[in-house]
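Heads up: the structure comes next, in structure tokens.
The values are calculated or read from the model by the stated rules, or taken from the named source; none is laboratory data. None of the values given here were measured: they were computed from a predicted structure. Cβ atoms come from the backbone with ideal geometry, glycine included; neighbour counts cover every protein chain shown. Heads up: the accessible areas ignore ligands, DNA and RNA and are worked out on the full protein's heavy atoms, side chains in. Shrake-Rupley method; radii C 1.70, N 1.55, O 1.52, S 1.80 Å.
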Amino acid sequence: MIQIEAEALQQLLLLRRKLTEPCAGLRLWLDGDACHGWRVSLEWSGVQREEEYSVEYQGLVLLAAIAHWPYLQGATLTAGARGGEQGVWIDLQATACHCDNQVCSS
């Protein structure tokens with residue numbers, strides 16, 4: 001399960017309320033791999049896609065590709081400043097990776 005700190009949850013719920021278009025949830029996109037690092041992007045989505053699974057967390061709906069959910073398990077969403085930038089941050093748990101063999105798994 002993804003953990004969302006209270007401040008991050010409040011900020012995301014506030015942002016969702018400000019949207020003028022219908023919103024199915026907050027989509028989490030993963031790009032990369034365990035050997036080279038993951039990049040997670042967030043975007044509000046008006047529709048849930050067929051290849052996605054959704055999870056509701058205290059009023060916030062999170063959407064992600066079914067294949068990405070194993071990598072998101074144990075992730076933590078926090079709010080605050082990092083590197084001089086204010087925002088919502090996602091920390092993923094480390095995955096097992098034998099990069100010398102190009103074998104990565106959650």
query = Looking at this structure, is VAL47 of a type in the set (A, V, I, L, M), surrounded by 11 or more Cβ atoms within 10 Å (Cβ to Cβ) and not in a strand (DSSP E or B)?
reply = yes
Over segment 26-42, the set of residues open to solvent by 70 Å² or more (accessible area, probe 1.4 Å) and either part of a strand (DSSP E or B) or within 24 Å of ALA8 (Cα to Cα) (or both) is TRP29, ASP31, TRP38, ARG39
Scanning segment 14-25 for residues that are under 20 Å from GLY80 (Cα atoms) and either in contact (Cβ under 8 Å) with a residue 60 or more places away in the chain or surrounded by 13 or more Cβ atoms within 10 Å (Cβ to Cβ) (or both) gives LEU15, ARG16
### Message
Condition first: modelled with pLDDT of 95 or more, within 22 Å of LEU92 (Cβ to Cβ), of a type in the set (S, T, N, Q) and touching a strand residue (DSSP E or B) at 6+ places or on another chain (Cβ under 7 Å). Can you find one or more residues in segment 30-46 that meet it?
### Response
yes
Within segment 47-85, residues being within 12 Å of the chain's Cα centre (by Cα) and farther than 15 Å from LEU13 by Cα number 12
Considering residues that are of a type in the set (A, V, I, L, M) and under 10 Å from ARG27 (Cα atoms), the number found within segment 48-88 is 5
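Considering each residue of segment 51-98, count those that are surrounded by fewer than 13 Cβ atoms within 10 Å (Cβ to Cβ), at negative phi and either at pLDDT 90 or above or outside any strand (DSSP E or B) (or both), and give that number.
8
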